[in-house]
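Data first, discussion second: the structure below is written as C-alpha cells.
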Amino acid sequence: MVNHPLPLFLATALTFTVSAPQTIASGVDDLSFSPIPGETLISLKFPQAGDRGTTQSSGGGGTRGGSCFTQANTNLRIVAPSQDTFTATANPSLFVYVPANKGVEGEFVLVDGAGELIHSQTVAVPSKESILAIAVPTTVGLEPGGEYAWAFAVNCTIDNQVVGSAVEAGLVRQELDVEITEQIEETNEPLSKANLYANQGIWQDTLMIVASLPEQRQELVELFDSVGLGQFSDVPILFVGTDEAGDVPLTN
C-alpha cells in the first residue's frame, strides 16, 4: 500500500496533509484488486473481493469546518477498488466522485515519490453530483515504475467561513511485460484493450477506456459492480483536461 505525508496547500485557507508515497513492490499482487494468475475476466469484471485479498476503502474524504455538500453524509470519494492503484500510461485520468454541492472550487495536486509537487491545477466543479476524470497533463508524464500521490480538494464559503473537503490516493506507473504491451498495441477494439488491462490489475487504464465509450454503459456498470462501486453507476462522468466528450452518463 502507498502511504502519503506532504502538505497540500490550497489556494484558500484550507490545508490538508497528504503523504509522500512509500516504496511498494512492482508486482500487481501488492494491490487488493490484483487478479488471480491465468484468470480470464468476462465483461470487464475484476475478481471478487475474496479473490483479491483485503479490500481497502476507496479514499473517503476528510472535511474541515463544515460541509460544502447539499446532502448529509456525502463526501468526496476516490473512484477505485483501493486507495492505491496502478496505471500503465504516462498521462492517465484519475477519477474522483463529487457529491451535489453548494458551489465549490476544486484543486488537483500531484506529487512524486520524494514528496515534491509536480503539478497542481484548479478544476471547475459542477453543482450536481458527478465523477471527475482528471487527466495528468502531457507536460508532466508519469515515469515508468514511478510512485506518486495525488489529492483532490474542494472548498466553499459558509457563513463567511471557508470550509472544505479532500481525498488522497497513491498511484504507481506499472511496467507491463513486453508480450502484454504488444497485445494491447495490436488490439484495435477498445473493450479488448480494457480487458487486457483488467487482467493485469491496471484499474485506471481499464476505467479510462470504458468510461470514454458512452455506448458501453452496461460494461461500465458491470465493472463498477464487480469491485463494489455500484453506487456510482448512474453518476455522469466529466472529463477534465482531455479531448474526450463532455460526459459519459450512465443512466439507463
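A short reminder: the numbers here are calculations on the coordinates, not readings from a lab. Everything numeric here is computed off the predicted structure, so don't read it as measured data. Note that we place each Cβ from the backbone using ideal geometry, even for glycine, and neighbour counts take in every protein chain shown.
Counting 0.36 nm for each residue step from D159 to Q183 and taking away their Cα separation leaves a gain of 3.0 nm. A crude spin-label estimate for the pair E116 and T138, with each label 7 Å from Cα along the Cβ direction, gives 2.4 nm.
For a modelled paramagnetic label at Q71, 7 Å from Cα along Cα-to-Cβ, the residues of segment 100-117 in reach, with backbone nitrogen under 14 Å, are 100-102. Of all DSSP-defined beta bridges confined to segment 117-252, some 75% are antiparallel rather than parallel. Sites listed here are GluC sites (Glu not before Pro) in segment 124-195 whose DSSP assignment is loop and whose Cβ has at most 16 other Cβ atoms within 10 Å: E175.
At full extension, D234 and L213 could sit 6.1 nm farther apart than now, given 0.36 nm per residue minus the alpha carbon distance.
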